[in-house]
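So the structure is just underneath, and the comments pick up after that.
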Amino acid sequence: MLLVRLLAAAKGDGTLNLITADGKHHRIGSGSPNLTLRLHDRAVERDLLINPRLRFGEAYMNGRFSIEGGGIYDLLSMLMSGAEVQGALGRALESLSPLLRRVQQYNPMRRSRQNVEHHYNLSRQFYQLFLDRDMQYSCAYFTEPGLSLDEAQEAKKRHIAAKLLIVPGMRVLDIGCGWGGMALYLARHTGARVTGITLSSEQLAVARQRAEEAGLSDRVTFELRDYREFAAAHRGAFDRVVSVGMFEHVGVPQYRNYFDAVRDMLNDEGVALIHSIGRLDGPASTNPWIRKYIFPGGYSPALSEVLPVIERSGLLATDLEVLRLHYAETLRHWRARFTAHWEEAKALYDERFCRMWEFYLVGAELAFRLQGHMVFQVQVARSLGAVPLTRDYMLNAERDIAGASAGQSAELRPSRTPESAA
């Protein structure tokens, strides 16, 4: 049976019992864990053979199979531990990958806004179900075992602030500012004047409301703008640029435009910090299910696709840090919180949406644990002397910020041993 062979190639350790819609049983592998995959209709078998990377997630969303002996995390963990399988159509599309990637990642301004709205214009109430209290929708920074999600997200903001070397009064641009948490943090803890730009009208409304409630509207402003049009009117306007979790939406064809825009918006002594999901194993293509249902136009690059563009832009890469399992731990927290609030999410949307979101959180976590995904932070500058010669300043700045904020937020304890000091 072709599906048995396909599953056997994908499967790692353990036993997978396949029960097809006609009641036939097939045992694949041995040992534990021992899971059963029960197909509910005959057509799903054909769909999985044709394009499993797309159809498997769709089948789960639509309840076309069930899992016994565990859940979707257990099953995907087993299937993502072996070889990646494409299926007949998947193999044909993969052969066209270089051409298709250019099309899939072509993100002019109008398309970029549509792609962002697809994901980020979901309601604030939905994201509050599983994010930390500051609504940081990006990789947290686990400086030590046992940190809560709130503590790890606070450590992430502190770590980025330390790399930016901000002094009071500096002008900072936050590209892809989300719900405003990073911009508000920088204004509150460094004395910066911050402008945040986003393509999500929902995020813009929330960010502006938060700035007003925090009494920071005089130092933090938010605009609905694309970085390309914004750059044209703000040459040399900023001392610092930060972008967290936005670069994944740029697409390789736009990388030169992106870094040229960053360069143009910085003044001569300016510094930027780009925080993005990346790949440890070289260039690839975005999973078709993720591209269709979660992040249309999105792509997580290999460093070999990013650093050459930085060089050609005239910017200098002054620091690079790779965060390996931090996002896996972040997603673990999000998944647990989402599952705990399943019924609330279902009331906002529906059961199919919840199954889609669960599949996304599970698959993303396992991509970091099993398939070479990581997060990188690259610091760039316009001049060689823009940052100190050693990295000690980062650790010192983190300690200073942690000490200053300890009195303001007793619930959040400072980190003791940042990874950057290792």
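Values in this text are rule-based calculations from the coordinates and carry no lab data. Keep in mind it's a predicted model, so treat the numbers as computed, not measured. All Cβ positions, even for glycine, are placed from backbone atoms using ideal geometry, and neighbour counts span all protein chains on display.
Just how many pairs of Lys in the chain have C-alpha atoms closer than 30 Å, counting pairs that are eight or more places apart or on different chains? Lysine pairs, 8 or more places apart or on different chains, close enough: 4. If both residues of a DSSP beta bridge must be in the chain, then about 50% of such bridges are antiparallel. Of all the options L147, L224, L389, the one that moves most in a Gaussian network model of the chain with Cα springs shorter than 10 angstrom is L389.
Working from label points 7 Å from Cα in the Cα-to-Cβ sense, the V322 to A43 distance is 4.4 nm. Given in Å, the Rg to one decimal and the Dmax to the nearest whole number for the Cα atoms of the range 18-58 are 11.3, 29. Just checking the listed ones, L39, L361, L266: in the Gaussian network model of the chain with Cα springs under 10 Å, the one fluctuating most is L39.
Short to long, the 10 Å bins of the Cα pair-distance histogram for the range 137-225 hold 18, 47, 30, 4 percent of all pairs. Only Cα sites of the chain enter the Debye sum here, all with the same form factor; the resulting log10 I(q)/I(0) across q = 0.06, 0.07, 0.09, 0.12 1/Å is -0.26, -0.36, -0.58, -1.00, listed in q order. With the convex hull drawn over the C-alpha atoms of the range 212-329, the volume per residue is 158 Å³. Per-residue ellipticity at 222 nm computed for the chain from its helices equals -14000 deg cm²/dmol, with DSSP H segments shorter than 4 residues left out and the rest contributing -39,500 (n - 2.57). Taking label positions 7 Å along the Cα-Cβ direction at both S30 and R391, the computed distance is 4.7 nm, reported to one decimal.
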